[in-house]
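Written below as structure tokens is the structure these notes are about.
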2 protein chains.
Amino acid sequence: MTFKEQAQALVAQMTIEEKLSQMKHDAPAIERLGIPAYNWWNECLHGLARNGTATVFPQAIGMAATFNKRRMFEVASAISDETRAKYNEHKKQGFTEIYQGITMCSPNINIFRDPRWGRGHETYGEDPTLTGMLATEFVKGLQGEGKYRKVAATLKHYAVHSGPEGVRHGFNVDIDDKDLYETYLNAFAYCIKNANPAAIMGAYNAVNGEPCSASNTMLNEILRGKLGFEGFVESDAGAVDDINEHHKITKTYAESAALAVNNGCDLCLGWAFDYLMEAYEKGWIAEERIDEAVTRLFEERFRLGMFANDCEYDKIPYDVVDCEAHAALNLQMARESIVLLKNENNILPLRRDAKIAVIGPAADDRMILIGNYNGRASKYVTLLEGIQSYSKNVLFEQGCDYWKEPNVWQERKNNEALIVAQRSDVIVMCMGLNPNMEGEGDDDYSDSFSGDKRSIELPKVQKELYQKLKKLGKPIVFVNVSGSCLALGEQKQDCDAVIQCFYPGALGGQALADILFGECSPSGRLPVTFYASDDDLPDFEDYSMKNRTYKFFTGMPVFSFGEGLTYSDIVEEWTDDNTVKITNNGDYDTMYSVLQYEYIPHKSLKNFEKIFIKAGESKTVRF
Amino acid sequence: MTFKEQAQALVAQMTIEEKLSQMKHDAPAIERLGIPAYNWWNECLHGLARNGTATVFPQAIGMAATFNKRRMFEVASAISDETRAKYNEHKKQGFTEIYQGITMCSPNINIFRDPRWGRGHETYGEDPTLTGMLATEFVKGLQGEGKYRKVAATLKHYAVHSGPEGVRHGFNVDIDDKDLYETYLNAFAYCIKNANPAAIMGAYNAVNGEPCSASNTMLNEILRGKLGFEGFVESDAGAVDDINEHHKITKTYAESAALAVNNGCDLCLGWAFDYLMEAYEKGWIAEERIDEAVTRLFEERFRLGMFANDCEYDKIPYDVVDCEAHAALNLQMARESIVLLKNENNILPLRRDAKIAVIGPAADDRMILIGNYNGRASKYVTLLEGIQSYSKNVLFEQGCDYWKEPNVWQERKNNEALIVAQRSDVIVMCMGLNPNMEGEGDDDYSDSFSGDKRSIELPKVQKELYQKLKKLGKPIVFVNVSGSCLALGEQKQDCDAVIQCFYPGALGGQALADILFGECSPSGRLPVTFYASDDDLPDFEDYSMKNRTYKFFTGMPVFSFGEGLTYSDIVEEWTDDNTVKITNNGDYDTMYSVLQYEYIPHKSLKNFEKIFIKAGESKTVRF
């Protein structure tokens, strides 16, 4: 029997109450049918999350900056191995709580439309091709290629979802077909076609008036009709509840539940499906549609081998969790995620005998390593700790907080920073944001602007410290830590080196230090445009792509999409549109990403490939 | 000229406005007299605090647990070296902000009367002799023994101050002379006599109806009269404001300021002395008293060499800050601060090839290393990191939060802890409190019970995890992290080993691991009684010593004041009241503290001495 046939046979034995109970994220056991409880809600954005100790890879935006498809696949395979290993143990012990399952609410493949969006760092950046191709590798790595599925991947948030966070539960986006297909659905379409993801998560917002988790247009006409999706659809957490609470399209939870189910939502993360029975009894939902939804869900559970004795993934041992091989992969991913944007006066790599002042709120902060939707590592290496592993000659001062100015009771941190800076040969400034300042919930930085940030400027206290340090006239390596673009025009002009470090994972400090001291050459590239100022940005609520991203922005960015240096001297010679000879004329072996663009008519990424190329070597890449 | 004569000569040139301006913590410059601005408010409870990177030694209660006078002196000397080194640089650069000076609001020598008091971990415990003798070494180490003073020490909080935090600004303690002199003033008297501290800080509370910072009885009759104190008196921060705001003894700030000054307060931390001119103009304060106060303050500034060219401490170089020698001293202090309370079945030292499950919210938390009133370290070693430095065979799970129970969105951490515990040979549980749960401000743990804790029980989530882990039947090393007694009766009964780890400083995890793996023998002793339950405690607001501390408690403690094991087998043979032969019959070299008690008639610590004694060796200690 196929998985679908097995599911049909099982669902046929269920009462209507039993069927409806299975459409909720915390599906209870049906003991008479041998069905254990199962919680569909699980996370692994950049490592198994919220489920104890696990390998914490760089945040998604950092993994995008690697422009490395193969590495993304390797990381996703490691993640799914850890997820499965833990699940196998959970199953033995009878643990069926949230975050302990194998149906993952990852990846987030929304387009990072506006740099102020707090959740942008969960994405693969602003380009649909980069996003779609990397998501494809991520989904393949998660799902495996066996008879059964290793874990189930979910593409989210479908669709046209990118803030503002504060109004996400009731926001409507009116969008034309060009932007919809070219930008917002592009990566979904590519990944559905190439990776066969198990699930799609409907977004909180509405598109052209229809809430995404209950939209006939989005779920039936487009997703299943045009994009050929064959998996199951789940709502974002509480998205069905939102239909009456915030969208005000329905009046009751039962109406919302009926609207969602009737328009193609199979599984509810949240609570609105507690009212499914009421909706069913009122005749608002046909049993055939319920059978279809529950069958899709059980088809996936059969495909995941939950009821099988011969699932190859049941044998993945617990020892793979947080293992040394994954730590090595994590370090490599982190190294490739770091983007060198400027390097003058031979400032980098740093001399190992230099007296180094390491200054800034991000320098010794574990929080910036982990991003959000993260696991817990058994080992963290902060940026400072990484630098200290190379040099005994390090003076550290925090210098300022991320954004809080000292009150009358609090220390003046920048005084001490000035002192150590004066005593140093070179200043490594570790500034920027942390994931409390750009995220999903309320943030500290811009309190009334929930989750998002109001501005792409560095916070005032950091700017002031930067200005004071700059006046000393010492060489400066500026390490900007953030999950998004910040306005770095001054740094580009003033500093000897500028590095963009997206939240780089638990070993991120080691990776940064490996680059700072020349142990490896940087190879990351920007997956987002770095704009010069807030004035460059259209209204945050405007979803038109006009004047957004490298494709349509008409101004002058500080750093461009795709920008990123190595320590070597790489020359590309294109012999035709699809063939390029890469020559390393420099002194460093390095990873290098070749980007292939097309003009339609605007410049648009078509493909990319990352290679390792030794000093003096030439290689040919064919797309 | 003596420092006092120099001060008198300078004060004689000041206008009344200038004099009054100098009695505030942020004394402005008097440029016409060549007097720079100076901020009197600085902290160094266990390392220079709130002034950038510095060596972060164990919290005060942990330093007390070493029962080591010499080490306390060494640590205080290191602290004052770092403080001076930074001050020398601040002076050059013209920095005169809060926390940048050399008049330190440390040590806190209040008696840790009740284990619920949130600030108890800032003290040296429950015994006046231990407190007075260690404070004497600390003050001597801070102040130095040169022509000038290295930094100025302040004994606080004078007096009878130990919670509740929530009512501290208006609390009155009625106390009889026996408890007052035997317990609450004992350490102040000893330290004033033996270490000549520069200053005394008046407490927020009132004693027998008089607010301490404005009490003729406490400041004039007792402090200067009976105890012979000759330095200056400052108020706690805002304590003078409290006189009208909370004690309601006066109606206005001007009245409060006058009352404080007239009763012996020379310097105001806080804002009430902004009203000194009003009080003076109304004739409430005599100029002679103002001259006396300002002269005391300038005498101290002269004694600190602020106006001299030949101060030996001006030469202390910046390089001593956070230097390697201080790190080594810090590690040694931390090792000696850890108290082994039980060790059966040869569980400790741990076998280095054992598979170790490290579990608990304190295991990988930097916060528990630093206590409060702390500096910022350039290197932290968490308990987990210390253990990992000895073994590759470590499985880590947080297991639970300190006290928060997971909501519907949050992971069930204890499931993962159970899994790794099952896979281990031995479980090292790192549980207890962190400084957010017992402190000065509002705490997380017991929200409406500001700063203090409601109970000495382990928080419920930790108890539940403990019970689950215990059922596995694996050997357990229970590391209790807290700045105070917790009720560990179950742990004493169940676990193979129990260790009390007071907030152990930046390198505390290394120190703990050095002990766990037998690199050094433990030698700490408890500076407080570990009671069995909340039922053992008198009313928190009752300041009578009846049934409090090892001296007067009539019940059965779980662990007693002074308790603490080594890995060796030490025998004490007392030949008379003052002479004891110490023999090390065991296999480990170890530090060992000899405690001398007297019976007056209750058991009372009279003196103590810590020695290093090799395996097989005998030494004689004479008191």
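The values are calculated or read from the model by the stated rules, or taken from the named source; none is laboratory data. A quick note: this is a predicted structure, and the numbers were derived from the prediction, not measured. Quick reminder, even Gly has a Cβ in these numbers, built from the backbone with ideal geometry, and neighbours come from all protein chains shown. Accessible surface areas use protein heavy atoms only, side chains included; no ligands, DNA or RNA. Shrake-Rupley method; radii C 1.70, N 1.55, O 1.52, S 1.80 Å.
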(message) For the stretch A:561-576, check the following and say yes or no: at least one residue is at pLDDT 95 or above, open to solvent by less than 20 Å² (accessible area, probe 1.4 Å) and assigned to a strand (DSSP E or B).
(response) no
Filtering the stretch B:546-560 down to residues that are crowded, with 18+ Cβ neighbours inside 10 Å and in contact with a His (Cβ under 7 Å, 6 or more places away or on another chain) yields B:Lys551
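Yes or no, residue by residue, for (1) outside any loop (DSSP other than H, G, I, E, B); (2) surrounded by fewer than 24 Cβ atoms within 10 Å (Cβ to Cβ):
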site: A:Gln100; (1), (2): no, no
site: A:Asp114; (1), (2): no, no
site: A:Trp117; (1), (2): no, no
site: A:His121; (1), (2): yes, no
site: A:Gly125; (1), (2): no, no
site: A:Lys140; (1), (2): yes, yes
site: A:Arg149; (1), (2): no, no
- Take B:Tyr543 and decide whether it is open to solvent by 40 Å² or more (accessible area, probe 1.4 Å) and among the aromatic types (Phe, Trp, Tyr). no
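Inspect all residues belonging to the stretch A:109-126 and state whether any of them is under 30 Å from A:Arg454 (Cα atoms), within 14 Å of another protein chain (Cβ to nearest Cβ) and of a type outside the set (Gly, Ala, Ser).
no
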From the option list A:Asn346, A:Asn330, single residue qualifying as modelled with pLDDT of 95 or more and either out of contact with any Lys or Arg (no Cβ under 9 Å at 6 or more places or on another chain) or closer than 30 Å to A:Ser560 by Cβ (or both) is A:Asn330
Checked pairs for the stretch B:17-35, first within 16 Å of B:Leu276 (Cβ to Cβ) and open to solvent by 50 Å² or more (accessible area, probe 1.4 Å), second of a type in the set (Ser, Thr, Tyr) and modelled with pLDDT of 95 or more, C-beta under 7 Å and 6 or more apart or across chains, list as B:Pro28/B:Ser21
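Can you tell me how many residues in the stretch A:449-502 are assigned to a helix (DSSP H, G or I) and either open to solvent by 10 Å² or more (accessible area, probe 1.4 Å) or out of contact with any helix residue (DSSP H, G or I) (no Cβ under 6 Å at 6 or more places or on another chain) (or both)? Full working, then the answer.
Narrowing the stretch A:449-502 to residues assigned to a helix (DSSP H, G or I): A:460-470, A:489-494.
From the residues that got through so far, the ones that are either open to solvent by 10 Å² or more (accessible area, probe 1.4 Å) or out of contact with any helix residue (DSSP H, G or I) (no Cβ under 6 Å at 6 or more places or on another chain) (or both) too are A:460-464, A:466-468, A:470, A:489-494.
Selection size over the stretch A:449-502: 15.
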Does the stretch B:77-95 contain at least one residue that is under 27 Å from A:Leu472 (Cβ atoms), within 13 Å of chain A (Cβ to nearest Cβ), of a type in the set (Phe, Trp, Tyr) and in contact with a helix residue (DSSP H, G or I) (Cβ under 6 Å, 6 or more places away or on another chain)?
yes
| request: Check whether at least one residue in the stretch B:599-614 is touching a residue at least 24 places away in the same chain (Cβ under 8 Å), in contact with a Phe, Trp or Tyr (Cβ under 7 Å, 6 or more places away or on another chain) and of a type in the set (S, T, N, Q), and report yes or no. | output: yes
Does A:Gln388 count as under 16 Å from A:Leu469 (Cα atoms) and open to solvent by 10 Å² or more (accessible area, probe 1.4 Å)? no
The condition of being without any contact (Cβ under 8 Å) to a residue 60 or more places away in the chain and among the β-branched types (Val, Ile, Thr) holds, among B:Ile515, B:Ile570, B:Ile499, only for B:Ile570
Taking the stretch A:378-414 and keeping only residues that are over 31 Å from the mean Cα position of the chain (by Cα), within 9 Å of chain B (Cβ to nearest Cβ) and within 14 Å of A:Val358 (Cα to Cα), one is left with A:Lys392, A:Val394, A:Leu395, A:Lys413
For the stretch B:42-59, pairs from a residue that is more than 13 Å from chain A (Cβ to nearest Cβ) to a residue that is aromatic (Phe, Trp, Tyr) and open to solvent by 10 Å² or more (accessible area, probe 1.4 Å), with Cβ under 8 Å and 6 or more apart or across chains, are B:Leu45/B:Tyr373; B:His46/B:Tyr373
Reported set for the stretch B:76-125 where residues are under 23 Å from B:Ala64 (Cα atoms) and among the aromatic types (Phe, Trp, Tyr) is B:Phe112, B:Trp117, B:Tyr124
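Conditions (1) within 21 Å of A:Gln22 (Cα to Cα); (2) surrounded by 24 or more Cβ atoms within 10 Å (Cβ to Cβ); (3) among the charged types (D, E, K, R), marked per residue:
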site	(1), (2), (3)
A:His161	no, yes, no
A:Val167	no, no, no
A:Ile175	no, no, no
A:Asp179	no, no, yes
A:Tyr190	no, no, no
A:Asn220	no, no, no
A:Ser256	yes, yes, no
A:Asn262	yes, no, no
A:Cys265	yes, yes, no
Within the stretch B:292-307, residues being open to solvent by 20 Å² or more (accessible area, probe 1.4 Å) and of a type in the set (Gly, Ala, Ser) number 0
Given (1) under 24 Å from the mean Cα position of the chain (by Cα); (2) closer than 26 Å to A:Met72 by Cβ, A:Leu219 misses just (2)
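Yes/no matrix, rows are residues, columns are (1) surrounded by fewer than 24 Cβ atoms within 10 Å (Cβ to Cβ); (2) basic (Lys, Arg); (3) away from chain A (no Cβ under 14 Å):
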site: B:Ile338; (1), (2), (3): no, no, yes
site: B:Arg351; (1), (2), (3): yes, yes, yes
site: B:Ile359; (1), (2), (3): no, no, no
site: B:Asp365; (1), (2), (3): yes, no, no
Restricted to the stretch B:419-442 and to residues being open to solvent by 20 Å² or more (accessible area, probe 1.4 Å) and over 24 Å from the mean Cα position of the chain (by Cα), the residue farthest from the other protein chains (Cβ to nearest Cβ) is B:Asp425
Any chance A:Leu369 is within 14 Å of chain B (Cβ to nearest Cβ) and farther than 30 Å from B:Glu416 by Cα: no
Note on the stretch A:36-77: residues surrounded by fewer than 24 Cβ atoms within 10 Å (Cβ to Cβ) and in a helix (DSSP H, G or I) are A:Lys69, A:Arg70, A:Arg71, A:Phe73, A:Glu74, A:Ser77
Scanning the stretch B:309-326 residue by residue, those open to solvent by less than 70 Å² (accessible area, probe 1.4 Å), outside any loop (DSSP other than H, G, I, E, B), more than 11 Å from chain A (Cβ to nearest Cβ) and farther than 15 Å from B:Val75 by Cβ turn out to be B:Glu312, B:Tyr313, B:Asp314
Condition set of a type in the set (Ser, Thr, Tyr) and out of contact with any Asp or Glu (no Cβ under 7 Å at 6 or more places or on another chain), scope the stretch B:12-71, selection farthest from B:Ile338 (Cα to Cα): answer is B:Thr15
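Quick check, is B:Ala532 open to solvent by less than 10 Å² (accessible area, probe 1.4 Å) and under 25 Å from B:Met431 (Cα atoms)?
Criteria not met by B:Ala532.
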